[in-house]
Each structure stands twice: as structure tokens, then as C-alpha cells.
1. Of Arg95, Arg101, Arg84, Arg4, which residue is free of Cβ contacts under 8 Å to residues at least 12 places away in the same chain and either in a helix (DSSP H, G or I) or closer than 29 Å to Pro233 by Cβ (or both)?
2. Does Ala108 satisfy the condition of being outside any strand (DSSP E or B) and at pLDDT 95 or above?
3. Condition test on Ile65, is it surrounded by 15 or more Cβ atoms within 10 Å (Cβ to Cβ), out of contact with any His (no Cβ under 8 Å at 6 or more places or on another chain) and either assigned to a loop (DSSP other than H, G, I, E, B) or not basic (Lys, Arg) (or both)?
4. Condition test on Asp209, is it over 18 Å from the mean Cα position of the chain (by Cα), assigned to a helix (DSSP H, G or I) and closer than 23 Å to His115 by Cα?
5. Report the residue count in region 141-200 for those that are modelled with pLDDT under 90, over 20 Å from Gly91 (Cα atoms) and assigned to a helix (DSSP H, G or I).
6. Restricting attention to region 1-37, report how many residues are among the basic types (Lys, Arg), more than 18 Å from Pro69 (Cα to Cα) and either at pLDDT 90 or above or in contact with a strand residue (DSSP E or B) (Cβ under 7 Å, 6 or more places away or on another chain) (or both).
7. Filter region 163-209 down to the residues that are of a type in the set (D, E, K, R) and either under 18 Å from Met131 (Cβ atoms) or surrounded by fewer than 18 Cβ atoms within 10 Å (Cβ to Cβ) (or both) and list them by number.
8. Yes or no: region 58-67 includes at least one residue that is under 30 Å from Gly14 (Cα atoms) and not assigned by TED's automatic domain parsing to the domain that holds Ala26.
Amino acid sequence: MISRLHSLVVETLGKSIVGGELEPGATMHSEHVERELGVSRSVVREAVRVLQSLGLVETVKRIGIRVLPRSEWNLFDPSIIRWRLADAEKGAQLRSLTELRSAVEPAAAELAAQHSPDELAAELMAVAAQMRASGRAGDLQRFLDLDIRFHSLVLTASGNEMFSKLHDVIGEVLRGRTYYGLMPLHPHEEALQLHVDVANAIQARRPEDARAAMDKIMRRTAVEVEQVWVDEPRLYVG
């Protein structure tokens, strides 16, 4: 019960802050949150600690809980990414994430072709084959799970621990594309083949081919979803 109520407070306040209902500088009091959401003081306290760790709020003595500006947010946290993708500004979030992936994932694929342990390379091949089967069958949930696993494996196989820590970020954007109707019912054959090409190049130790195939995946992804952000202004956060 405590866990459910804790999640309720975090989700409610987090979405309100990210969605702009609670603007930077706005203040709240624990007592108000308790009454509004029907939870105890201890639940609010623990939830506020989580929101503080995300850079969304700070507690100020004799003032209360203060909402922080976007410049303080942990923009790489999966919860913030998920809330932003559910908000009106999901286009700007998708653009930022797609550009991040376009910068990182081709480099990760190149490194994976140089450094991946054999067992990871073999698993990547198996996942790519399963993706093709589920994509052709129109099983989008299965395809999504495999797609997340595929890209997570590439990051891990790079041997770069900073890249590997981005797997949750990339998982959220892949889920967002599917949940908000930005994926075709049947993924394109070219996209399915490109995932196989990446896996093949990594297993065959061809770094340039691995980078090139992953770069094509990223460029194709951008073309498929860019209509979502075409009118969204860029965000300049110091």
C-alpha cells in the first residue's frame, strides 16, 4: 500500500511539474499535498525525496516545497523522459532523444564490432532474427521488447560503460514511439534488414559496416517521426 501511494504522489507531482501545471518557483506545502492526495506525511516526505533526486523540487525552510526550473532537471532520468513524452511537448523530447541516439548508437555499434564478447555478438544476431519474425507478424509488443533488447545489447557490447547506462533512456523513447502511434503496424523490411546488418557486422568484426548500418537505422527513425517535432521550438537550457 505504501509503495502504491508513494508512486501516486511521485507520478502526480512529477507530471504536474513537467507538464507546466506547477511552474518554476511555485511552492507547495506537505499538508496541502497530504489533503489533496489523501496520503500520510511520511508518504509525501519520501515522494519529495524522489522528486528532489530528479531535480524537480527543493525544500526550503519555512517556505515549503519549491518547484525548480528545467535547467535543474535530470533530463536523462527515465521517469522525466516518460512524463515529457506523455506531455504536449513530446515532439521536442523525441527530437532531443533521436538526436542523442543518432550521435551515440553508430559509435556504439562501431565499438561493439571491435570489442564485443562473442556471446553478446551471438545474442545480438539471435535477437535481430527474432525482431524480423515478430515485425513481419505484426506483433508490435514482442517487436518492441526485442527492439529494446537489441539496442541495449549494442550499447553493452561497445564496452563503454557510459554508453551502456543509456539503455533506460533509449528504452523509454522506443516505448514512447510505440505507445503514441508512431510505429507502423508492420515495421519496414529495410528497417528489419538493417538490424540484421548491424548484428552481422558486429559478429564479423566489421566496425565501419556496423557504424554505417546503425547510422542508416537512426536516419530512417528520424524521417519516420520528424513530423511530430517539425513545429516545436528548440530548447536552450543552461
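1. Arg4
2. Spelling it out, Ala108 is indeed outside any strand (DSSP E or B) and at pLDDT 95 or above.
3. no
4. yes
5. Of the residues in that region, 0 qualify.
6. 1
7. Lys165, Asp168, Arg175, Arg177, Glu189, Glu190, Asp197, Arg205, Arg206, Glu208
8. Looking for residues that are under 30 Å from Gly14 (Cα atoms) and not assigned by TED's automatic domain parsing to the domain that holds Ala26, one finds none in region 58-67, hence no.
The values are calculated or read from the model by the stated rules, or taken from the named source; none is laboratory data. Since the structure is predicted, the reported quantities are computational estimates derived from the model, not experimental observations. Cβ: placed from backbone, ideal geometry, glycine included. Neighbour counts: every protein chain shown.
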